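A.B. asks: Take a look at this one; I'll ask things after.
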Amino acid sequence: MIDLRSDTVTRPTLAMWEAMRCAPLGDDVLGDEPTVQALEAKVAMLLGQDAALFVPSGTMANQLAIRTVCEGGDEILAHKESHIIHYETGSPAALSGCMIAPLDGTNGIFDAESVRSAIRHRDQHAPLSRMLIVENTHNRGGGSYWSVEQFASVAKAARIGGLHLHVDGARLMNACVALGVGPRDFTAHADSVSVCFSKGLGAPVGSALVGGHAFIARARRFRKMFGGAMRQSGILAAAAIYALDNHVARLAEDHVNARALATHLASISGLSLEIEPAATPTNMVFFRVSKALGDAASFCQRLRELDVLALNLGPDRVRMVTHLDVSASDVDRAAAAIQRVATASA
Ligand SMILES: *Cc1c(COP(=O)(O)O)cnc(C)c1O
């Protein structure tokens, strides 16, 4: 099987398993998990923030940030296609009582003026605008990334408007590798950041929430409340440390493979790419299936019969993601399978 559904599907490499097996362990809830503490210190340093908190998932990291900062009735500004709106089960409303003001913008990127105009006047009628979320890379935006300048200008608008700036950086390292910048070029302007170890970095489980000392201390209480405090979680943290040490630079290979895949797809009639191959930003390729080829779900089903897995994300929309367990030759084989399905259905 060539699994292009997501970069979450990777299995630990042998070296990663070895790092997990050898990790010194303690009890993180009792405060003596050495490997978790080492990971938290490492991530805080990498992102230029005071402290970090290891959590089971990216959703929990984002929701802890919201719960730590917002009160019921507060409003959060986020792009209308953002992960927290579409893929976190409505939890800003359920867990923190917040509403979201959806912002427009191409491929998940918006400008400072959109932020300024969405901030409410302080008035007894209006919700309080409390937080801005910037997703980088942007998942439903096709793996698009923010330029450092675009990011800095919305960060400035957030600061002037009194908003807490949270970066949903599940794939922040993909953005950094694509741009050739360090994570601090983004995170220096942020109040909190979430990063995922189980996406392109290839660890089996886990994310980190990063921010100031007081913020993380408060988030730690909510992590316990949400059921995310873990015990010998150094087994997982060891995989994340290994991933940070060994799997960041190689994200560039995933980007090359995604572009190669996009180039193949561009030549297959009946498929239309959302972003041209030359502009494929990181490790994702989105395309639409023409009516003549049937719907996206049946297209993916026929691909599955040829041992290629893709995700259908709408009636005619398909997503493919490259990662650690997909080689350049896998991309060629997947492209050949896609060509066969498209030709057979035309
Ligand atoms: C994957 C992802 C998350 C977190 O997802 P989990 O499955 O909860 O780890 C958050 N934000 C974005 C943009 C993502 O792609």
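A.B. asks: Please list, in order along segment 69-84, the HN-Hα scalar couplings obtained from phi with the Karplus expression 6.51 cos²θ - 1.76 cosθ + 1.60 (θ = phi - 60°), rounded to whole Hz, x for Gly and Pro.
C.D. replies: Residue by residue, segment 69-84 yields 9, 9, 10, x, x, 6, 10, 10, 8, 8, 4, 5, 9, 6, 4, 5 Hz.
A.B. asks: Next question, about the same structure. Just order 216-224, 237-245 by mean Cβ neighbour count inside 10 Å, highest at the front, would you?
C.D. replies: Averaged packing, sorted descending, gives the order 237-245, 216-224.
A.B. asks: How would segment 7-246 be classified by its alpha-carbon gyration tensor: rounded, prolate or oblate, with rounded meaning a/c under 1.5 and the a/b versus b/c comparison settling the rest?
C.D. replies: Here segment 7-246 falls in the prolate category.
A.B. asks: Putting +1 on Lys and Arg Cβ atoms and -1 on Asp and Glu Cβ atoms, find which of Ala243, Thr106, Ala208 reaches farthest to the positive end of the dipole of segment 7-246.
C.D. replies: Farthest towards the positive end: Ala208.
A.B. asks: State to the nearest 20 debye the size of the charge dipole of segment 7-246 about its Cα centre, where the only charges are +1 on K and R beta carbons and -1 on D and E beta carbons.
C.D. replies: The dipole of segment 7-246 has a size of about 260 debye.
A.B. asks: Cα axis of helix 251-266 to longest principal axis of the chain: angle in degrees, 0 to 90, nearest 10?
C.D. replies: With rounding to tens, the tilt is 40 degrees.
A.B. asks: Of Leu47, Leu265, Leu313, which has the largest mean-square fluctuation in a 10 Å C-alpha GNM of the chain?
C.D. replies: It is Leu313.
A.B. asks: Among 152-164, 132-144, what's the highest-first ranking by average C-beta atoms within 10 angstrom per residue?
C.D. replies: Those peptides, ordered most packed to least, come out 132-144, 152-164.
A.B. asks: Can you give the calculated 222 nm mean residue ellipticity of the chain, where each DSSP H run of n ≥ 4 adds -39,500 (n - 2.57) and the sum is split over every residue, rounded to the nearest 500 deg cm²/dmol?
C.D. replies: So the calculated ellipticity at 222 nm is -12500 deg cm²/dmol.
A.B. asks: Between beta-carbons, use under 10 Å as the cut-off and find the net charge around Asn139, counting Lys and Arg +1, Asp and Glu -1.
C.D. replies: Around Asn139, the surrounding residues sum to +1.
A.B. asks: Tell me the relative contact order for the chain as a rounded percent, counting alpha carbon contacts under 8 Å between residues six or more apart.
C.D. replies: Value for the chain: 24 percent.
A.B. asks: Quick one: Cα centre-to-centre distance for segment 304-326 and segment 36-90, in angstrom?
C.D. replies: Here the answer is 27 Å between Cα centres.
A.B. asks: If you count the DSSP beta bridges with both ends in the chain, what percent of them are antiparallel, to the nearest 5?
C.D. replies: 50 percent
A.B. asks: Label segment 1-110 by shape, choosing from rounded, prolate and oblate, from the square roots a ≥ b ≥ c of the eigenvalues of the Cα gyration tensor; if a/c is under 1.5 it is rounded, and otherwise prolate applies when a/b is larger than b/c, oblate when it is not.
C.D. replies: In terms of gyration-tensor shape, oblate.
A.B. asks: Near the amide H of Ser144, under 5 Å away, which other amide H atoms are found, from residues 5 or more places off or on another chain, if H is placed in the peptide plane?
C.D. replies: His138
A.B. asks: Quick one: Karplus J couplings for segment 294-310, per residue in order, coefficients 6.51, -1.76, 1.60, θ = phi - 60°, nearest Hz, x for Gly and Pro?
C.D. replies: Computed from phi, the couplings for segment 294-310 are x, 8, 5, 5, 6, 4, 5, 5, 5, 5, 4, 5, 9, 6, 10, 9, 9 Hz.
A.B. asks: May I ask for the net charge around Val177, where only other residues with Cβ less than 14 Å from the Cβ of Val177 are counted and Lys, Arg are +1 while Asp, Glu are -1?
C.D. replies: Net charge around Val177: 0.
A.B. asks: How much net charge surrounds Phe151 when only other residues with a Cβ under 13 Å from its Cβ are counted (Lys, Arg +1; Asp, Glu -1)?
C.D. replies: -2
A.B. asks: If amide hydrogens are placed 1.01 Å from N in the peptide plane, which non-local residues have theirs closer than 5 Å to the one on Leu311?
C.D. replies: Here Arg319 satisfy the definition.
A.B. asks: Relative contact order of segment 250-345: what whole-number percent is it, with Cα pairs under 8 angstrom and at least 6 residues apart?
C.D. replies: Across segment 250-345, relative contact order equals 30 percent.
A.B. asks: Among Pro56, Met45, Thr10, flag the residue with its Cα farthest along the positive direction of the charge dipole of the chain, charges on Cβ as +1 for Lys/Arg and -1 for Asp/Glu.
C.D. replies: Pro56
A.B. asks: What shape does segment 281-328 take by its C-alpha gyration tensor, where a ≥ b ≥ c are the square roots of the eigenvalues and a/c under 1.5 counts as rounded, a/b above b/c as prolate, and the rest as oblate?
C.D. replies: Oblate.
A.B. asks: Relative to the Cα centre, what is the charge dipole magnitude of segment 109-238, using +1 at the beta carbon of each Lys and Arg, -1 at the beta carbon of each Asp and Glu, and rounding to the nearest 20 debye?
C.D. replies: The dipole of segment 109-238 has a size of about 640 debye.
A.B. asks: In whole percent, what relative contact order does segment 23-146 give with Cα contacts below 8 Å and a gap of six or more residues?
C.D. replies: 23 percent
Read the figures in this text as sums done on the coordinates, not as results from a lab. These numbers were taken from a predicted model, which means no experiment stands behind them. So basically every Cβ, Gly included, is an ideal-geometry build from the backbone, and we count neighbours across all protein chains shown.
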